[in-house]
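Notes to accompany the following structure.
The values are calculated or read from the model by the stated rules, or taken from the named source; none is laboratory data. This one's a predicted model, so the numbers in the text were calculated from it and none came from an experiment. All Cβ positions, glycine included, derive from the backbone under ideal geometry; neighbour counts span all protein chains shown.
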Amino acid sequence: MPSLRSSFIDDQGTVRSGWRILQFTLLLGVLNLAVAPLWPAPLRGQIPDRWIDTAVVLAATWLCLRTEGRPLAEAGLRADGRFLREITLGTLGGAAVMLATAGLIGALGGFHWIRTPGTGLRDLLAGASVYLAVAGFEELLFRGYAFQRAVRGLGFAGAQAVFAAAFVAAHWSNPGMTGATRIWAALNIALAGLMLGLCWRRTGSLALPIGVHLGWNWTQGTLLGFGVSGTEGAGWWTPVFHGRPEWLTGGAFGLEASAVCALVCGAAILGLWRWRGISGGGSSRASES
């Protein structure tokens, strides 16, 4: 019968990954409760909520790493030129996935675009700021400390399955998640989660997944004018739908609810699977199975 100590400590003498993940989850909850009274409504108009959420999950990540005597870089966060290059590469990659999806649907007669009046460079930059905060928050939460500790305990495939399901659950109550749209949206969000997990694995850094997430959302919403996971907003362009089925176009939910998006994401995942990654830069976490 295993001892009580072995339930908490593994054969290498370190705290088991499940307890580390629980520690992160509880700490995140405590920090959110602590920050809420310090963030009154008047201040929320100055700094978007998602930037505060990003700061909170970053603080929880740093504190958990400190309990292990590890630097923040261990979670795949480094302030260097390579991190900037990978964010840029990821942003271009995420944009390419959305442009390919939209281009294919448009070629199949799903919609055409008209220029949205009154939008300009300021709107593009504002959208980039919002979606950078969203990408930072969600990647720290779903591909950061907890995911990386799950890779230790479950292996990469197990962690991918669990966190892709969690990624879908986090979007399950979004506007428009009903009927057939829910099926296609859940599939594509799960595929996106797998794709972003592979981005981390191939680089050992959160830069590439943050960039892909940013490029995906910004291109889909701010540039092309589609909904982003059910959230609508004015884009640089406005799509005019031609009455084709929502499983093709994604409808109001966005391109993420289109069957075409599933094909494009599948191709991107296959490409990442075959890609050997960026040499010389990954953390030890990325090489664990």
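General observations
Rundown of residues vs (1) part of a helix (DSSP H, G or I); (2) touching a Leu at 6+ places or on another chain (Cβ under 8 Å); (3) modelled with pLDDT of 95 or more, yes/no style:
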| residue | (1), (2), (3) |
| --- | --- |
| Ala146 | yes, no, yes |
| Arg149 | yes, no, yes |
| Arg182 | yes, no, no |
| Asn188 | yes, no, yes |
| Ala192 | yes, no, yes |
| Leu198 | yes, yes, yes |
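- Number of the exception - Arg66 against (1) at pLDDT below 80; (2) out of contact with any strand residue (DSSP E or B) (no Cβ under 9 Å at 6 or more places or on another chain): (1)
- The residues in region 210-250 that are more than 22 Å from Val130 (Cβ to Cβ) and crowded, with 22+ Cβ neighbours inside 10 Å can be counted, and the count is 1.
- Meets criteria (surrounded by fewer than 20 Cβ atoms within 10 Å (Cβ to Cβ) and at pLDDT 95 or above) for Ala207: no
- Residue in region 58-67 that is of a type in the set (D, E, K, R) and touching a residue at least 24 places away in the same chain (Cβ under 8 Å) present: no
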